[in-house]
Structure formats: structure tokens, C-alpha cells
Amino acid sequence: MGERLDGTVALVTGASSGIGEAAARELARQGAAVALVARRKDRLDALAAEITAAGAAAITVEADVTDQALAVAAVERTVAELGRLDTVVNNAGVMLLGPILGAPTEEWDRMVRLNVQGLLYVAHAALPHLVEAAAGEPRRVADLVNISSVAGRRAAAFSGVYNLTKHGVNAFTESLRQEVTERHVRISVVEPGAVETELADHLRPEIREVSRQRFANVEMLHAQDIADAIAYIVTRPRRAAINEILIRPTNQPGP
């Protein structure tokens, strides 16, 4: 059994859909007050209403974390309104696949800005608060969970820059873990395989069809499967750090 998160505060980026939404809902079920961060405020407001109706606390923060000032403001508002910060789920990301040859490089820019820079900005702003939370009650430990991908472990054709961003997330996660682990700030990475979310909706139509055919016979993961993995990480006792979880559909043979 894990330890509940009562008396703690969690911040989740990309909380308006998919893994972020499911993770926020699950952390609230575990007792955390939750700051919901994303660009689509209407969806955040609906999720916050659901969470508060179930008896937990939630605030919505409309922010594009690729803007460092907005990422910092999201963290600071969380601490100002909810009193502290114990858990961060760095989930916001985008997957824009396709061949490198002739690629629209604005897609590359978008992935680097969100998958790498946005993640870095949130981590940088949150770390002092996580260190502070880990030094005191109620749990004397804090967690930063970065959402990467199976694409961060193995490169594949037609996902070159997405691979680049997720390999970067994995490398950053491990380096940071080594820096702060002795202060009981646990730095973890979750690497999902194919998940049924809106991620594929951002693909160009011709690429989306190729992806659909590739996974036509795969029983896709649900966002809740990843939320369960995140909850497992952050509810471990202080002595135990889950550094990495790779989770794929059972019948997904490739990367």
C-alpha cells in the first residue's frame, strides 16, 4: 500500500486532457490539493469543478509553459494560493511525427519549446519549493515526475526530433536526480508507449493515417494507466524512489 498525499500540493501541466487530466484527478483522489495548468481554461475549470465536488481542493492556472514568465507565475501562484508545493507532474508535451527530409521545421520548434524548454522552465521554478517541502512535514519527501515516452529510449524512423526531445527529457531527469536525491527530492520519469489520448490529433493528416494503421491492432493504453503509474511513484514511502517506469500496451511489439 502507498502513502496518501493528504496535506500536500501537486501541480500538473497539460492538465486539460489525456494523461495530465487523469493524473490530476488521481492525485486529488490520493488527498493532494491540485493546481491544474494548461492553456484551455474551460477544460481546466470543468476538471476543477469535478475535483472540488469530490471533496478535494483544486485551482486552475491558464498558462503556456513555453513562456518562462508564465511557467514561473504558475508555480508561484500555486504556492501562494495552496500554501506549498510537494509534487510536480511535468506532462505538457506534443508529438509531431514525420520524415526529417522536407519536414516543416516549425513542428520541430514547437516540440523543442514544449517538450524540452517548457519542462525545464517548470522544473527550474518548482525545485526550490520541492526542496523546502522535502525538508519538513507531512511527508519529508517531494516528487518531480517528468513524462517522457518510449521514444526517449529508442530512436525510430519518422520520429527523429520527437526522439531528440524525449531522449533529452530522460537525460535531464537522471542528471537532476543525482543532484537532489540526497535531499529527498525524488526525480522520476515515466515512459508511455501508445496511449489513447489527443496526442495524435496534432499530426498532419497524412502522418496521422500512417500512425493509425501502425497501431490498428494494438490495444492502446488508457490515460488512467499512466495516472496509476504516476500515483504509484509519488505515494511510495520516503525511503523508496521509483526512478523510471516504462509502460507499453501488452501487444505493442515495437518502440
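The values are calculated or read from the model by the stated rules, or taken from the named source; none is laboratory data. Here the structure is a predicted model, which is why all the values come from computation and not from measurement. Neighbour counts run over all protein chains shown; Cβ positions are idealised from the backbone, glycine included.
Any residue at all in the range 102-111 that's under 20 Å from Gln178 (Cα atoms), of a type in the set (Phe, Trp, Tyr) and surrounded by 16 or more Cβ atoms within 10 Å (Cβ to Cβ)? Walk me through it before giving the result.
Kept after step one, since they are under 20 Å from Gln178 (Cα atoms), are these residues of the range 102-111: none.
No, because not a single residue in the range 102-111 is under 20 Å from Gln178 (Cα atoms), of a type in the set (Phe, Trp, Tyr) and surrounded by 16 or more Cβ atoms within 10 Å (Cβ to Cβ).
Consider Arg4 carefully, then state whether it is of a type in the set (Lys, Arg), surrounded by fewer than 24 Cβ atoms within 10 Å (Cβ to Cβ), assigned to a loop (DSSP other than H, G, I, E, B) and modelled with pLDDT of 95 or more.
Values: of a type in the set (Lys, Arg): yes; surrounded by fewer than 24 Cβ atoms within 10 Å (Cβ to Cβ): yes; assigned to a loop (DSSP other than H, G, I, E, B): yes; modelled with pLDDT of 95 or more: yes.
Yes: the conditions hold for Arg4.
Val195 - would you say it is among the β-branched types (Val, Ile, Thr), under 30 Å from Thr8 (Cα atoms), more than 14 Å from the chain's Cα centre (by Cα) and surrounded by 14 or more Cβ atoms within 10 Å (Cβ to Cβ)?
No; evaluated as a whole, the condition is false for this residue.
Any residue that is hydroxyl-bearing (Ser, Thr, Tyr) and farther than 24 Å from Ser16 by Cα - is there at least one of those in the range 184-195? Let's see the steps before the verdict.
Just the residues of the range 184-195 that are hydroxyl-bearing (Ser, Thr, Tyr), to begin with: 188.
Going one step further and asking which of them are farther than 24 Å from Ser16 by Cα, we end up with none.
Within the range 184-195 (the criterion being hydroxyl-bearing (Ser, Thr, Tyr) and farther than 24 Å from Ser16 by Cα), the answer is no, since none of the residues qualifies.
Yes or no: Asp201 surrounded by fewer than 14 Cβ atoms within 10 Å (Cβ to Cβ), more than 19 Å from Asn163 (Cβ to Cβ) and of a type in the set (Asp, Glu)?
Details: surrounded by fewer than 14 Cβ atoms within 10 Å (Cβ to Cβ): yes; more than 19 Å from Asn163 (Cβ to Cβ): yes; of a type in the set (Asp, Glu): yes.
So Asp201 fits the description; yes.
Per-residue answers, yes or no, for (1) buried (at least 22 other Cβ atoms within 10 Å of the Cβ); (2) in contact with an Asp or Glu (Cβ under 9 Å, 6 or more places away or on another chain); (3) farther than 28 Å from Pro255 by Cα:
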position: Ala58; (1), (2), (3): yes, yes, yes
position: Gln68; (1), (2), (3): no, no, yes
position: Arg77; (1), (2), (3): no, no, yes
position: Arg84; (1), (2), (3): no, yes, yes
position: Val89; (1), (2), (3): yes, yes, no
position: Ile100; (1), (2), (3): no, no, no
position: Asn115; (1), (2), (3): yes, no, no
position: Ala133; (1), (2), (3): yes, yes, yes
position: Gly136; (1), (2), (3): no, no, yes
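Please pick out the residue among Ala49, Ala71, Ala58 that is at pLDDT 95 or above, over 18 Å from Ser17 (Cβ atoms) and either touching a Lys or Arg at 6+ places or on another chain (Cβ under 9 Å) or not hydroxyl-bearing (Ser, Thr, Tyr) (or both). Spell out the reasoning first.
Numbers: Ala49 fails: over 18 Å from Ser17 (Cβ atoms); Ala58 fails: over 18 Å from Ser17 (Cβ atoms).
Answer to the selection: Ala71.
If you check Glu174 against the conditions, is it acidic (Asp, Glu), farther than 20 Å from Leu119 by Cα and out of contact with any Phe, Trp or Tyr (no Cβ under 7 Å at 6 or more places or on another chain)? Even if it seems obvious, please write down each step before you answer.
Numbers: acidic (Asp, Glu): yes; farther than 20 Å from Leu119 by Cα: no; out of contact with any Phe, Trp or Tyr (no Cβ under 7 Å at 6 or more places or on another chain): yes.
So Glu174 does not fit the description; no.
Among the residues of the range 30-46, write down those that are under 17 Å from Asn91 (Cβ atoms) and out of contact with any strand residue (DSSP E or B) (no Cβ under 6 Å at 6 or more places or on another chain).
Gln30, Ala38, Arg39, Arg40, Arg43 - these are the residues of the range 30-46 that are under 17 Å from Asn91 (Cβ atoms) and out of contact with any strand residue (DSSP E or B) (no Cβ under 6 Å at 6 or more places or on another chain).
Does any residue of the range 27-38 turn out to be more than 13 Å from the chain's Cα centre (by Cα) and in a helix (DSSP H, G or I)?
Yes, the range 27-38 contains a residue that is more than 13 Å from the chain's Cα centre (by Cα) and in a helix (DSSP H, G or I).
Scanning the range 210-230 for residues that are within 12 Å of Gly20 (Cα to Cα) and hydrophobic (A, V, I, L, M, F, W, C), which turns out surrounded by the most Cβ atoms within 10 Å (Cβ to Cβ)?
Per the criteria, the residue is Ile230.
Among the residues of the range 142-163, is there at least one that is in contact with a helix residue (DSSP H, G or I) (Cβ under 7 Å, 6 or more places away or on another chain), crowded, with 19+ Cβ neighbours inside 10 Å and farther than 18 Å from Glu191 by Cα?
Within the range 142-163 (the criterion being in contact with a helix residue (DSSP H, G or I) (Cβ under 7 Å, 6 or more places away or on another chain), crowded, with 19+ Cβ neighbours inside 10 Å and farther than 18 Å from Glu191 by Cα), the answer is yes, since at least one residue qualifies.
May I ask you to list the residues in the range 60-118 that are under 30 Å from Glu3 (Cβ atoms) and assigned to a helix (DSSP H, G or I)? Break it down into steps so the answer makes sense when it comes.
So the first thing to find is which residues in the range 60-118 are under 30 Å from Glu3 (Cβ atoms), and the list is 60-61, 63, 65, 71-72, 74-93, 118.
Those that are under 30 Å from Glu3 (Cβ atoms) and assigned to a helix (DSSP H, G or I): Ala71, Val72, Ala74, Val75, Glu76, Arg77, Thr78, Val79, Ala80, Glu81, Leu82, Gly118.
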